[in-house]
Amino acid sequence: MTAGPCPLCHPTAEAVLWQDALCRVIWVDDPDYPGFCRVILNAHVKEMTDLNGGERRRFMDVVFAVEQAVRDSLKPDKINLASLGNMVPHLHWHVIPRFADDRHFPDAIWAPARRDPGCRPGPDRGLPGRLADCLQRTLGAA
């Protein structure tokens, strides 16, 4: 578990794609996983059941909106949704587009790699902006 201040309560250098009073969506700049995003609760809360019903529904609506934006933008073979919190016990969801030829497929991205990254296209620098625009249209202004 994280020792010291919570890195999700005190972020440094986040690329925020969208946010409101409840949560924020950040871009995870990982060359092996283009489109990888996190949805992070703005309050230091450990578990989904610590939220009231309305907060849970809204939080998951945001997770699902991110999933849809990533699917529409990248057409991945699969989307992985993960809420672990073992290392950082602050409520957040990973939204990870997966491709059959990615380094870890079909295993989790945290498992040992099955293959070299290969000849994947270079980073799409416009993708974060397109995802942010889609989230703004779907979820509204912050």
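The values are calculated or read from the model by the stated rules, or taken from the named source; none is laboratory data. Computed from a predicted structure; not experimentally measured. Cβ placement follows ideal geometry from the backbone for every residue including glycine, while neighbour counts extend to all protein chains displayed.
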request  = Check A13, A21 and return the single one that is part of a loop (DSSP other than H, G, I, E, B), touching a residue at least 12 places away in the same chain (Cβ under 8 Å), surrounded by fewer than 19 Cβ atoms within 10 Å (Cβ to Cβ) and of a type in the set (G, A, S).
outcome  = A21
remark   = Residue hits (the stretch 114-128; farther than 14 Å from W27 by Cβ and either modelled with pLDDT of 90 or more or among the basic types (K, R) (or both)) are R114, R115, R120
message = Considering only the stretch 101-117, I want to know if a residue exists there that is touching a Pro at 6+ places or on another chain (Cβ under 6 Å), farther than 21 Å from Q19 by Cα and not aliphatic (A, V, I, L, M).
response = yes
key: Criterion: of a type outside the set (A, V, I, L, M, F, W, C), more than 17 Å from G126 (Cβ to Cβ), surrounded by 13 or more Cβ atoms within 10 Å (Cβ to Cβ) and within 11 Å of the chain's Cα centre (by Cα) - qualifying residue of R56, R38   = R38
task = Go through the stretch 75-97 and give me each residue that's over 19 Å from A108 (Cα atoms) and free of Cβ contacts under 8 Å to residues at least 60 places away in the same chain.
result = L91
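The rows are residues; the columns are (1) among the β-branched types (V, I, T); (2) at pLDDT below 95.
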{"site": "M1", "(1), (2)": "no, yes"}
{"site": "P11", "(1), (2)": "no, yes"}
{"site": "L22", "(1), (2)": "no, no"}
{"site": "D29", "(1), (2)": "no, yes"}
{"site": "R38", "(1), (2)": "no, no"}
{"site": "R56", "(1), (2)": "no, no"}
{"site": "F64", "(1), (2)": "no, no"}
{"site": "V70", "(1), (2)": "yes, no"}
{"site": "N80", "(1), (2)": "no, no"}
message = Condition first: over 19 Å from T138 (Cβ atoms), aliphatic (A, V, I, L, M) and surrounded by 18 or more Cβ atoms within 10 Å (Cβ to Cβ). Now tell me which residues in the stretch 69-94 satisfy that.
response = L91
query = Name the residues in the stretch 24-36 that are not in a strand (DSSP E or B) and not charged (D, E, K, R), would you?
reply = V28, P31, Y33, P34, G35, F36
